[in-house]
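Written below as structure tokens is the structure these notes are about.
The values are calculated or read from the model by the stated rules, or taken from the named source; none is laboratory data. What you see is a predicted model, and the numbers here were worked out from it, not measured in a lab. A quick note on method: Cβ atoms are made from the backbone with ideal geometry, for glycine too, and the neighbour counts reach across all protein chains shown.
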Amino acid sequence: MPKKRKRRKSIAEKSDTEIYLESLEKTDPIINLILNGHLLLEREVNNGLKLLLEDPDQLPRLTFTAKFALLKALTGFKFLDEDNIIQILNRLRNHIAHSLDQSKLQELIQRLRKAMEIEELQLKYRPSDRIIIRSGFISQTSRLKGAIEAFHIHQTQQIERVDALNGRAQQKPAPAIG
């Protein structure tokens, strides 16, 4: 007698655990790339805030968007404009983290590709989505790290100049009046 095939459950009939286990089996390497890349990017934003704030431990728990906005406010960096690559990478991560529907993923990757001006390069081949995402995270993390370090050096030099001027002013005798 032939074996009877089990009917596949619809998503409505599946438990949360079944849905979770199935999604693990189907996890796309691009999703892992985005999640891990975002962790590195957020770590760099956190490091920047630790470097630039006198007492960063006083901050409440903040979202990535709030931390990024604070970093922009502290530094005045012009390259951190509203619709830049970092914001698109964050939207990619948020979409993956908060939605089982991955239909919008390709649209966000296309926005990233456009923001990175990949389409305008005269390449002999079209870079894969993996290369675009990896390049986005690596380039923006490096750029952010370099800019934060340069800003910190500039800030330190300014403080040293002010301290030096204050020291000279204290050493000079007050001019005699009259």
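Of all residues in region 9-31, those that are of a type in the set (D, E, K, R), assigned to a loop (DSSP other than H, G, I, E, B), under 30 Å from I109 (Cβ atoms) and at pLDDT below 75 total 2. Does region 50-58 include one or more residues that are farther than 19 Å from L33 by Cα, touching a Ser or Thr at 6+ places or on another chain (Cβ under 9 Å) and modelled with pLDDT of 85 or more? Yes: region 50-58 contains one or more residues that are farther than 19 Å from L33 by Cα, touching a Ser or Thr at 6+ places or on another chain (Cβ under 9 Å) and modelled with pLDDT of 85 or more.
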